[in-house]
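The values are calculated or read from the model by the stated rules, or taken from the named source; none is laboratory data. These numbers come from a predicted model, not from an experiment. Cβ placement follows ideal geometry from the backbone for every residue including glycine, while neighbour counts extend to all protein chains displayed.
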Amino acid sequence: MWLDCGEHGRVPLGRITPSEVVAKECWDIPPCLAQLIVIVDGERLSSRVNLANGFTKGRRTALVLCVDDVAPF
């Protein structure tokens, strides 16, 4: 599972909750729109999210808001 932040890169994730994502490493990424990607049993699930506050230096957790009407996962 990962977060595709476009020009800011691809962030490998260790955990996803309904309102947060936890990166495997620390990142410094500003607020942006991103694709939350999860592969389960070979099936790729994708959801557009708003990385509301971005990832701040020294923190692995970031707030995500679903862009579409459906919860990410």
Take Arg44 and decide whether it is of a type in the set (D, E, K, R), within 11 Å of the chain's Cα centre (by Cα) and on the phi < 0 side of the Ramachandran plot.
-> no
Restricting attention to the range 47-73, the residues that are within 20 Å of Glu7 (Cβ to Cβ) and part of a loop (DSSP other than H, G, I, E, B) number exactly 6
Note down all Cβ pairs under 6 Å where the first residue falls in the range 43-58 and is more than 13 Å from Pro31 (Cα to Cα), the second is in a strand (DSSP E or B), and they're at least six residues apart or on different chains.
-> Leu45/Val38; Ser46/Gln35; Ser46/Ile37; Ser47/Leu36
State yes or no: is Val11 among the β-branched types (Val, Ile, Thr) and either at pLDDT below 95 or touching a helix residue (DSSP H, G or I) at 6+ places or on another chain (Cβ under 7 Å) (or both)?
-> no
Exception for Glu7 within (1) exposed (fewer than 12 other Cβ atoms within 10 Å of the Cβ); (2) within 10 Å of the chain's Cα centre (by Cα); (3) of a type in the set (Asp, Glu) falls at (2)
Output the residues belonging to the range 18-46 that are farther than 15 Å from Gly6 by Cβ and in contact with a strand residue (DSSP E or B) (Cβ under 6 Å, 6 or more places away or on another chain).
-> Glu20, Val21, Val22, Ala23, Lys24, Val38, Leu45
Report yes if Val49 is farther than 13 Å from Cys66 by Cα and of a type in the set (Val, Ile, Thr), otherwise no.
-> no
